[in-house]
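Written below as structure tokens is the structure these notes are about.
The values are calculated or read from the model by the stated rules, or taken from the named source; none is laboratory data. Worth saying up front: this structure is predicted, and the values here are computed from it rather than measured. Here the Cβ positions follow ideal geometry from the backbone for every residue, glycine too, while neighbour counts run over all protein chains shown. When the accessible area is computed, the model is the full protein with side chains, heavy atoms only, and any ligands, DNA or RNA have been set aside. Shrake-Rupley method; radii C 1.70, N 1.55, O 1.52, S 1.80 Å.
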Amino acid sequence: MRIYVIGNNGITLSHEAPATVNAGEIAVASNEELHAAPLNGKRLLALWSALPGVEKRTKVGDRKALIDQLWPAIEALPDPEPQRDVKRQSKQEDVIAMLCRPEGATVDEVASATGWQRHTVRGVFSGTLKKKLGLTLASAKEERGRVYRITEPASA
């Protein structure tokens, strides 16, 4: 079921009835409820004008006719994109994940993944990862350059 919450900021689509409706908001689920809603002509015109692809109006005219035109236009609105609950990892978390991989990472690889300068990457290795977080970094000269890995602390 589609429920539309009409507020000062326009129309918001919900698939279930809201637990509470804020002051100045109206929840409607049908054309009949929209007709019964206490919306004045000015607010109806504002709702109409906010809809995409409709011919702008300057006068309300017949309130009933305007609502009968408004309802199908509201129902034609697309469903909003679902909100992602996943929080994006920080760059620091990305760097730690790169260094925890068995193949490790070079300064250049971390710099290109984060968009940081090479000196910033080295500063993060030294200051944030080693000193602040207490992680143990091991480095080895390999074919692709100096590769860094997070190793288990000696006390673990």
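Positive-end ranking of 74, 121, 6 along the dipole of the chain, with charges on Cβ about the Cα centre, is headed by 121. The figure for residue 101 is an accessible area of roughly 80 square angstrom, using a 1.4 Å probe on the protein chains alone. Normalising the Debye intensity of segment 51-131 to I(0), with uniform scatterers on Cα atoms only, and taking log10 at q = 0.12, 0.21 Å⁻¹ returns -0.55, -0.98. A simple spin-label model places pseudo-atoms 7 Å from Cα toward Cβ; at residue 87 and residue 62 they are separated by 5.5 nm. Can you figure out the FRET efficiency of residue 22 with residue 2, using R₀ = 25 Å and their beta-carbon distance, to the nearest 0.05? E(calc), rounded to 0.05, equals 0.80. For the cross-link pairs 91/130; 87/131; 42/64, which exceed 19 Å when the distance is taken from alpha carbon to alpha carbon? Those over the limit are 87/131. Here the calculated FRET efficiency for residue 132 and residue 101, from their Cβ-Cβ distance with R0 = 25 Å, stands at 0.70, rounded to the nearest 0.05. A 1.4 Å probe run over segment 83-143, with the rest of the protein chains in place, finds 71 Å² accessible per residue. About its Cα centre, the dipole of the chain is roughly 880 debye, where the only charges are +1 on Lys and Arg Cβ and -1 on Asp and Glu Cβ. Note that segment 27-69 presents 62 Å² accessible area per residue, ligands and nucleic acids not counted, probe 1.4 Å. Of the accessible area of segment 22-150, computed with a 1.4 Å probe over protein heavy atoms only, carbon and sulfur atoms account for 52 percent.
Residues 48, 116, ordered by accessible area of protein heavy atoms at a 1.4 angstrom probe radius and largest first, appear as 116, 48.
State the percent of C-alpha pairs, over all pairs in the chain, separated by a distance greater than 24 angstrom. Above the 24 Å cut-off, the chain has 56 percent of its Cα pairs. Of the residues 1, 98, the one with the largest accessible area comes first in the ranking 1, 98, computed with a 1.4 Å probe on protein heavy atoms. In this view, the solvent-accessible surface of residue 79, computed with a 1.4 Å probe and all protein chains in place, comes to about 80 Å².
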